[in-house]
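Heads up: the structure comes next, in structure tokens.
The values are calculated or read from the model by the stated rules, or taken from the named source; none is laboratory data. Computed from a predicted model, the values in this text were never measured in an experiment. Note: ideal-geometry Cβ built from the backbone for every residue, glycine included; neighbour counts use all protein chains shown.
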Amino acid sequence: MSAEIFDEVSVYYDLLYRDKPYKREAQYLNELIARYAPNAKTIVDLGCGTGRHDWLLAEFDYNIVGIDQSETMLEIARRGNGLDPAYPPTFRKGNLTDFSVDSKVDVVLSLFDVMSYLTSYSEFKAALGRVRAGLKLGGIFIFDCWYAPAVHNHRPAPKVRRLESDTVSLVRVTSPEFDAAKNVVRILYDVFVTPQDSQSTRHFQEHHEVRCFFEEELVELLAGFGFRPLFQSKWFSDEAPNLDTWSALYGFECVS
């Protein structure tokens, strides 16, 4: 996974995901942290993007460090979003497989299916090693990723999104290919951006590869790094994911 695939779209990222329920997700994450790590104060957010989760979670008085490999995303994150928490989040550049923290933390988060960009076991294990090194004993790791039973059931399909803001019109065409044997989806995004005050359209492409995971393989992978499962669920629910749950949420405790 390279930073470049996000650099081009970073300025339009929040437009693309303006309907994502960031506030509700932050509230739900706070509830999960209160349930499974009630004394938690420190959080590292891996793949923080433009930092919207981090600013919202900081409202609950967590001390948060957001880490992302895209400097353009981080520049947006550092601008904030109008909130003024007692402990504003800080942001720095880093990669899932080689990041480090200044001191061990209570919680590591990785949201918006960032872990699915680790398409090989070697990459996934490298990231888990860094997560384990950064977590306190008894700390928790919460992440979401593409849920393999649902992906196999529905299969990724082409789609088109059209969005507008005060400054631009944007069209994104998604063309996926699913390698079912490897549980990997290769996605080509064609993005067309037209300023509202211009007839000139800019076109660029992004190539993404994401992996879907089965619960059993995640449990086995994380057990090898001293984690035990706490929950596997849909977002905003204690219900287990099903064949319609494209993205499942997981929680693991660091026990050794």
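Can you tell me which residue within region 46-61, out of those that are of a type in the set (Gly, Ala, Ser) and within 13 Å of THR90 (Cα to Cα), is modelled with the lowest pLDDT?
In this case the residue turns out to be GLY49.
Failed condition for VAL160, given (1) surrounded by 15 or more Cβ atoms within 10 Å (Cβ to Cβ); (2) part of a strand (DSSP E or B), with all others met?
Looking at each condition in turn, VAL160 falls short on (1).
Of the conditions (1) assigned by TED's automatic domain parsing to the domain that holds GLY94; (2) touching a Cys at 6+ places or on another chain (Cβ under 9 Å); (3) of a type outside the set (Gly, Ala, Ser), PHE124 fails just one. Which one is it?
In the conditions (1) assigned by TED's automatic domain parsing to the domain that holds GLY94; (2) touching a Cys at 6+ places or on another chain (Cβ under 9 Å); (3) of a type outside the set (Gly, Ala, Ser), PHE124 misses (2) alone.
Filter region 117-157 for residues that are in a helix (DSSP H, G or I) and among the charged types (D, E, K, R); which is surrounded by the most Cβ atoms within 10 Å (Cβ to Cβ)?
ARG130
Matching residues to (1) β-branched (Val, Ile, Thr); (2) under 30 Å from LEU137 (Cβ atoms); (3) crowded, with 18+ Cβ neighbours inside 10 Å; (4) out of contact with any Leu (no Cβ under 8 Å at 6 or more places or on another chain):
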| site | (1), (2), (3), (4) |
| --- | --- |
| ASN183 | no, no, yes, yes |
| VAL191 | yes, no, yes, no |
| GLN199 | no, no, no, yes |
| HIS207 | no, no, no, no |
| ALA223 | no, yes, no, yes |
| ALA240 | no, yes, no, yes |
| GLU253 | no, yes, yes, no |
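I'm told ILE43 meets every condition in (1) in contact with a Gly (Cβ under 7 Å, 6 or more places away or on another chain); (2) at pLDDT 95 or above except one. Can you identify the failing condition by its number?
Going through the list (1) in contact with a Gly (Cβ under 7 Å, 6 or more places away or on another chain); (2) at pLDDT 95 or above, ILE43 breaks only (1).
Of the residues that make up region 101-111, is at least one under 21 Å from GLU253 (Cα atoms) and among the polar types (S, T, N, Q)?
Checking region 101-111: at least one residue is under 21 Å from GLU253 (Cα atoms) and among the polar types (S, T, N, Q).
Checking THR72 against (1) at pLDDT below 95; (2) closer than 19 Å to ASP113 by Cα; (3) among the hydroxyl-bearing types (Ser, Thr, Tyr); (4) surrounded by fewer than 22 Cβ atoms within 10 Å (Cβ to Cβ): exactly one of these is not met. Which one?
The failed condition is (2).
When you look at ILE67, is it buried (at least 16 other Cβ atoms within 10 Å of the Cβ), under 20 Å from THR97 (Cα atoms) and modelled with pLDDT under 95, yes or no?
Working: buried (at least 16 other Cβ atoms within 10 Å of the Cβ): yes; under 20 Å from THR97 (Cα atoms): yes; modelled with pLDDT under 95: no.
Criteria not met by ILE67.
Please specify each residue of region 28-78 satisfying the condition of being among the β-branched types (Val, Ile, Thr), part of a helix (DSSP H, G or I) and more than 21 Å from ALA248 (Cβ to Cβ).
Hits for region 28-78 are THR72, ILE76.
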